[in-house]
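First comes the structure, then the notes that go with it.
Values in this text are rule-based calculations from the coordinates and carry no lab data. Just so it is clear, the model here is predicted, and its values are computed rather than measured. In this analysis, Cβ positions are derived from the backbone assuming ideal geometry, glycine residues included, and neighbour counts consider all displayed protein chains.
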């Protein structure tokens, strides 16, 4: 029967086998965006985006349903107490139904496009072998283009949507990179800038 010592990788002392595994896990999490692996980060982003869309859609749908109900019944307002009770009861039902229906519609839409953005970002991370703001900007622009085509935007509207996607990608990707650098994650362009600054500082004393 195999023991814990038999499962220790070759070249690693048996008493350090668990420590090595823990260090590898810490390194893996540190190298992930927001210190979360894709299997956790993408579903969490999808859930939060659905919740945000559902909240906004419920508020918008409920307000629209209430205004529509008032417009449809403006010519036949009740005149009795019982009539007003039934009027408000029906109105509240329509507001709740319209809000929930619009909430699910908007929540699913935002969830779909947000999930696509994070999935494409992860795809570029895996393809390039690094996670930086370039992949975030690329995924945002790709999803913005698909969103514009799906909604058949005009060229000026598509251009504005793309510009907004570039800004969002730069801001969100930049914040991720800042957090990653703070936690010790290696980022290619940051390492390149450090090398350039380091070589410049070494050249100055040599010239003096």
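Observations, loosely collected:
- Normalised by 2.2 N^0.38 Å, where N is the number of residues, the C-alpha radius of gyration of the stretch 90-208 stands at 1.58.
- Placing a label point 7 Å from the Cα of residue 112 along the Cα-to-Cβ direction, the residues of the stretch 147-166 whose backbone N falls under 16 Å of that point are 147-153.
- Full-extension gain in nm, residue 97 to residue 119, via 0.36 nm per residue minus C-alpha separation: 4.7 nm
- Helix 133-151 and the longest principal axis of the Cα set of the chain meet at an angle near 30°.
- Length gained on full extension, residue 90 to residue 194, computed as 0.36 nm times the residue gap minus the Cα-Cα distance: 30.8 nm.
- q = 0.14, 0.24, 0.26 Å⁻¹: log10 I(q)/I(0) that the Debye formula gives for the stretch 39-133, counting C-alpha atoms only: -0.63, -1.06, -1.14
- Whole-Å semi-axes of the ellipsoid equivalent to the stretch 115-159 (Cα gyration tensor, √5λ, descending): 24, 10, 6
- Solution diffusion estimate, µm²/s, Stokes-Einstein, the chain, Kirkwood Rh from C-alpha pairs, 10 °C, viscosity 1.306 mPa s: 72
- Angle between the chain longest axis and helix 38-72 axis [Cα atoms, degrees, rounded to 10]: 20
- Length gained on full extension, residue 127 to residue 51, computed as 0.36 nm times the residue gap minus the Cα-Cα distance: 24.3 nm.
- Between 0 and 90°, nearest 10: helix 17-31 axis offset from the chain longest Cα axis: 50
- The stretch 130-182 shape via C-alpha gyration tensor axes, a/c threshold 1.5: prolate
- Fewest-first sequence of 113, 192 by Cβ atoms within 10 Å of each Cβ: 192, 113
- Residues 126, 46, arranged from fewest to most other Cβ atoms within 10 angstrom of their Cβ, appear as 126, 46.
- Relative exposure of 75, 88, judged by other C-beta atoms within 10 Å (fewest first): 75, 88
- Per residue, the chain reaches -28500 deg cm²/dmol at 222 nm when only DSSP H runs of four or more residues are counted, each adding -39500 (n - 2.57).
- Normalised by the number of residues in the stretch 48-115, the average gap of Cα pairs under 8 Å and 6 or more apart makes the relative contact order 63 percent.
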